[in-house]
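Encoded as structure tokens, the structure appears first; notes follow it.
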Amino acid sequence: MVYDLIIIGSGPAGFAAGVYAGRAKLNTLLLEKEFAGGQVINTYEVANYPGLPELSGAELAMKLQEHAAMFGVVPTLNEVVDLELDGKIKKVITTTQIYETKAVLIATGARWKQLGVKGEEKLRGRGVSYCATCDGAFFNGKVTAVVGGGDTAVEDAIFLSRYAKKVYLIHRRDKLRATKILQEALFEIDNVEVLWDTQVQEIYGNSKVEGIQLINTKTNETQPLEVDGVFVAIGTDPNSNLVKGKVAMDEQEYIIANENCETSIPGVYAAGDVRQKLLKQIVTATADGATAVYAIERYIIENWK
């Protein structure tokens with residue numbers, strides 16, 4: 001059987017694509033290697049998704065999944081290990097079988113960046129975390145550090161302030177990149193302290209995090225700081241390995257796709273955080289999913305009459 005569309009990834013972009021593909025009566029397969037929902041399920045509160053304020057990420061992910069299921073598109077747990085994209089019919093190779101399809105939508109999202117410092121990998125899961133909403137409750141009454149200066153870092157610091165007795169926000173510059181409304185909320189919290197012009201050199205501890213070694217980026221002075229947890233929030237890297245060397249990418253390996261989510265190969269599309277774009281948010285991911293499927297419908301009509 002040749003599918004009309006195979007969607008790889010079941011985050012907001014993948015589920016939105018599923019809704020539109022189901023409504024368009026496209027024979028669609030949605031593949032996911034781990035768990036449905038993507039990174040949104042780790043978001044404590046989604047306050048900027050239009051029409052659904054004060055919803056948790058897990059709740060939004062469930063609603064998206066249920067919506068796609070209404071039109072017959074549900075995730076199939078199967079890891080994609082390779083793609084053959086040359087030719088009219090594309091092949092999606094998984095750990096158990098090979099699927100054929102007229103069009104492929106890459107909606108694999110992105111993953112958290114690491115600091116790359118000594119002790120980070122050793123203490124991962126032992127005080128080093130990349131998801132404050134997942135692990136914040138474990139640090140009730142303790143001292144934590146958040147590394148970063150963007151929206152995610154500030155949101156993490158605000159969230160952690162509800163549990164930790166002290167939160168340090170460590171930023172390598174003298175200004176935050178986060179939106180003004182988040183900064184204003186942050187600066188009103190008594191138990192949050194921003195350490196400006198500072199970077200983490202090392203995370204130390206035996207069986208768990210005991211502290212971090214800091215360096216001032218202007219004076220080069222170093223100092224230890226005792227903390228119980230380190231939350232890394234310095235951005236993401238795209239999950240684009242499947243198409244590396246197969247479609248056009250930018251220097252950071254985000255997939256280059258036009259406004260119609262079309263990549264450099266006809267019949268191959270990219271949606272959500274895996275593609276190069278200005279704003280990476282849930283609302284832009286779902287918009288990508290819808291746009292991509294509309295473009296895919298036209299592509300199929302033009303090429304399979």
> Can you pull out the residues in the stretch 44-67 that are among the aromatic types (Phe, Trp, Tyr) and under 11 Å from Pro12 (Cα atoms)?
Replying inline: none
>> Can you say whether Leu60 is modelled with pLDDT of 95 or more, crowded, with 20+ Cβ neighbours inside 10 Å, of a type outside the set (Asp, Glu) and not in a loop (DSSP other than H, G, I, E, B), as far as the supplied structure shows?
In response: no
> If you scan the stretch 121-167, which residues turn out to be part of a strand (DSSP E or B), buried (at least 24 other Cβ atoms within 10 Å of the Cβ) and more than 22 Å from the chain's Cα centre (by Cα)?
Replying inline: Thr144, Val167
> Can you name the condition, by its number, that Gly87 falls short on among (1) under 20 Å from Ala270 (Cβ atoms); (2) modelled with pLDDT of 95 or more?
Replying inline: (2)
> Looking at the stretch 114-134, is at least one residue under 24 Å from Pro12 (Cα atoms) and among the basic types (Lys, Arg)?
Replying inline: no
>> Quick check on my filter: what residues within the stretch 186-234 are among the small types (Gly, Ala, Ser) and either without any contact (Cβ under 8 Å) to a residue 12 or more places away in the chain or within 21 Å of Cys134 (Cα to Cα) (or both)?
In response: Ser207, Gly211, Gly229, Ala233
> In the stretch 21-50, how many are of a type in the set (S, T, N, Q) and at pLDDT below 95?
Replying inline: 4
> Hey, among Ala295, Ala257, Ala290, Ala271, which residue is under 25 Å from Ala68 (Cα atoms), at pLDDT 95 or above, of a type in the set (A, V, I, L, M, F, W, C) and under 13 Å from the mean Cα position of the chain (by Cα)?
Replying inline: Ala271
>> Every residue in the stretch 186-222 that is surrounded by fewer than 19 Cβ atoms within 10 Å (Cβ to Cβ) and either aliphatic (A, V, I, L, M) or in the same structural domain as Asn48 (by TED's automatic domain parsing) (or both), please.
In response: Ile189, Leu195, Ile215
> Out of all the residues in the stretch 1-25, which are in a loop (DSSP other than H, G, I, E, B) and buried (at least 23 other Cβ atoms within 10 Å of the Cβ)?
Replying inline: Gly9, Ser10, Gly11
> Among strands (runs of 3 or more DSSP E) lying entirely in the stretch 169-272, which contain 1 or more residues that are farther than 23 Å from Phe159 by Cβ?
Replying inline: 198-204, 211-216, 222-226, 236-238, 268-270
> Can you spot a residue in the stretch 173-185 that is under 22 Å from Lys280 (Cα atoms), surrounded by 21 or more Cβ atoms within 10 Å (Cβ to Cβ) and of a type in the set (Gly, Ala, Ser)?
Replying inline: yes
> Is there a residue in the stretch 98-116 that is over 30 Å from Gly235 (Cβ atoms) and exposed (fewer than 13 other Cβ atoms within 10 Å of the Cβ)?
Replying inline: yes
> Looking at the stretch 269-289, which of the residues that are more than 12 Å from Ala107 (Cβ to Cβ) and of a type in the set (A, V, I, L, M, F, W, C) is surrounded by the most Cβ atoms within 10 Å (Cβ to Cβ)?
Replying inline: Ile282
>> Here is a list: Leu30, Leu83. Which entry is under 25 Å from Met249 (Cα atoms), in a strand (DSSP E or B) and without any contact (Cβ under 8 Å) to a residue 60 or more places away in the chain?
In response: Leu30
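The values are calculated or read from the model by the stated rules, or taken from the named source; none is laboratory data. Only a predicted model underlies this, so the values are computations on that prediction, with no experimental measurement involved. Glycine gets a Cβ as well: all are built from the backbone with ideal geometry, and neighbour counts include every protein chain shown.
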